[in-house]
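**Q** My questions all concern the structure below.
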């Protein structure tokens, strides 16, 4: 799949703010079935199958992340367990600093318009 097609699918998606984690881990999500984003989910899984995912952790949970543009993408279900016709959550969060580690800053909601203008300083 061409990168431009995946980028188009990402831009066409209506991303929802994950309000539960607004203050601790701001991010957005889409639901593959409810939001009719099966093609986007498949495109992300195709990238994972091609070896483009990066292993990482969220506290104790291991996950695979895909870094595209200004965002980090991940699934709540492992990408090789995705089944057709099931509703899955595809998450994304803005990237900070070195694209792998980000620091939550005051007033950052995870929405593009609220992205901090300057990277956070680490003490």
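Where a number appears in this text, it was derived from the coordinates with a stated rule and is not lab data. Not measured: the values here are computed from a predicted model. Every residue, glycine among them, receives a Cβ derived from its backbone with ideal geometry; neighbour counts consider all protein chains shown.
**Q** Ranked by Cβ crowding within 10 angstrom, fewest neighbours first, how are 80, 35, 70 ordered?
**A** Lowest to highest Cβ neighbour count: 80, 70, 35.
**Q** Which order results if 55, 36 are arranged by neighbouring Cβ count within 10 Å, fewest first?
**A** Lowest count first: 55, 36.
**Q** If you don't mind, there's one more thing I want to ask. Any chance you could run the full-extension gain for residue 57 through residue 36? It's 0.36 nm times the residue separation minus the Cα-Cα distance, nm to one decimal.
**A** 4.7 nm
**Q** Measuring from label point to label point, each 7 Å out along Cα→Cβ, what is the residue 46 to residue 24 span in nm?
**A** Between residue 46 and residue 24, the label points sit 3.6 nm apart.
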